[in-house]
Amino acid sequence: MNEKATPELRRAIGLPHATAMVVGIIIGASIFVQPSEITGQVPSVPGVFLVWLISGMLTFFGALVCAELASIFTETGGVYVYLKEAYSPSVGFLWGWAMFWTMHSGIIAAISVIFARYVAYFCPLGDVGIKVVAIAVILLLSIINYLGVKQGSRLQLLFTLGKVLAVVFIIVAGFILGSRVSDHFVAGSLANQSVSLHSFFLALVAGLFAFGGWHMVTYNSEETIDPQKTIPRALMLGALIVTLCYIAMNAVYMYVLPLDKVASSTRIAADVANTLIGFGGGAFMSSLVIFSTFGALNGIILCGPRVYYSMAQDGLLFRWVGDIHPKHRTPYKAIFLQAIWSSVLVATGTYRVLFTRVVYTEWIFFALMAFGLYVFRRRSNIVRSYKIWGYPVVPAIFIVFSLAIVVNQLVSDPRESLFGLVIVLLGMPVYYLWVKKSPKERKS
């Protein structure tokens, strides 16, 4: 009897590719946009650096939490698997539900819109044109990742190396050339402005958005070579590299431009380049943002479908969502399902609305994930190859800050925040209706 073997995911992601995934996903568009959001809320040089330092520290603490969890569970799906195993399949389902409808698809849509806006620097586009370009890049990268994880991860490595070299070049050039144009790095703050705790947390949310995506490398465990060692190393290396790049980039911004200009700029990176090298600087920086967002989108589009694949394998989605392409060995139906919904979000939403709805709901689950570490430590049958540094203090700090961000966001923008929360909670009745279905109904 010659039965056709069920196709499986291909292991092709090594440490360089996994680290490139962490760095490349995080360094997207936000470092070229978010500094203005942060400086507007915290109008002082020490305050801005403190926000970026705490954002990097929290990201590193989150990476440490994920590192231990990744050393325990090597199944595809990452955070979905950790939540499912720590609590119940319903909690894992809520993560996947929120990912698809707002969090992950929303990030894809938001970054693709930023990509299109910077394309418009070279060829003016109206609102419709920006949406068309954003949707086109989503579809293009979805096709590339449909063709194989090797193609997607190699593209990720290439673009990550390119953008890190470009960031290093900007940092060096900024401090060399910036001395000609700037004496305001030592300026303390914008006149007559103080910072409230509320404003500081709003700035912190913006900073954490710029660090978003650090956890996504965990989604590809079954496609990673020696995932119990590779993923923890990639998480920690990636978080450190990005934190250093971000702090240095912000130092350049504030070295070259006065704080009021940093706070009001909508294209901070382009404004810095124009100040440093005059005509053509904005074009150079806009090209870098296009390059950077393209690479970040590739990584995000690569990772997400693995969660939907894992959910389908567990019977929590239609079985066909988990189909693996017999030749390319990718979850191709999940890839195109993600592409379609992300394109719908582009066509109907705006960057700011997506930003508000996406960021804080993710941190609810991050807090649950970190608390799950305490749950697993109490289970005697759990085998791990890595133990988090600073346990139990580090995950506790991460949980406290995660919950503080959630509460602050609910208070500061209750309407949009509640909308995002409602979308998440709607997943619970859907889950219970779904599990009542027969296996035959779930396949259809």
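The values are calculated or read from the model by the stated rules, or taken from the named source; none is laboratory data. No experiment lies behind these values; they were computed from the predicted model shown. Glycine gets a Cβ as well: all are built from the backbone with ideal geometry, and neighbour counts include every protein chain shown.
The table below gives the values:
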| read-out | value |
| --- | --- |
| Test: residue in region 54-61 that is surrounded by fewer than 24 Cβ atoms within 10 Å (Cβ to Cβ), of a type in the set (G, A, S) and more than 26 Å from L288 (Cβ to Cβ) | no |
| Residue list for region 117-157, restricted to those being among the aliphatic types (A, V, I, L, M), under 24 Å from A20 (Cβ atoms) and touching a residue at least 60 places away in the same chain (Cβ under 8 Å) | V119, A134, V137, I138, L139, L141, I144, L147, V149, L155, L157 |
| Of residues in region 129-174 being of a type in the set (A, V, I, L, M, F, W, C), more than 30 Å from I324 (Cβ to Cβ) and modelled with pLDDT of 90 or more, the one surrounded by the fewest Cβ atoms within 10 Å (Cβ to Cβ) | V132 |
| The one condition in (1) within 22 Å of the chain's Cα centre (by Cα); (2) among the polar types (S, T, N, Q); (3) within 13 Å of G174 (Cβ to Cβ) that Q228 fails to fulfil | (3) |
| Condition met for V406 (in a helix (DSSP H, G or I), closer than 25 Å to L64 by Cβ and not hydroxyl-bearing (S, T, Y)) | yes |
| Enumerated helices (runs of 4 or more DSSP H) restricted to region 243-332, each holding at least 3 residues that are buried (at least 20 other Cβ atoms within 10 Å of the Cβ) and out of contact with any Leu (no Cβ under 7 Å at 6 or more places or on another chain) | 268-277, 281-313 |
| Residues that are of a type in the set (A, V, I, L, M, F, W, C) and over 10 Å from the mean Cα position of the chain (by Cα), drawn from region 206-216 | A206 |
| Only one of W95, W52 that is in contact (Cβ under 8 Å) with a residue 60 or more places away in the chain, within 22 Å of V168 (Cα to Cα) and part of a helix (DSSP H, G or I) | W52 |
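Yes/no matrix, rows are residues, columns are (1) at pLDDT 90 or above; (2) under 29 Å from F60 (Cα atoms); (3) touching a Phe, Trp or Tyr at 6+ places or on another chain (Cβ under 7 Å):
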position: L373; (1), (2), (3): yes, yes, no
position: R377; (1), (2), (3): yes, yes, no
position: Y386; (1), (2), (3): no, yes, no
position: V400; (1), (2), (3): yes, yes, no
position: L403; (1), (2), (3): yes, yes, no
position: V435; (1), (2), (3): no, no, no
position: S444; (1), (2), (3): no, no, no
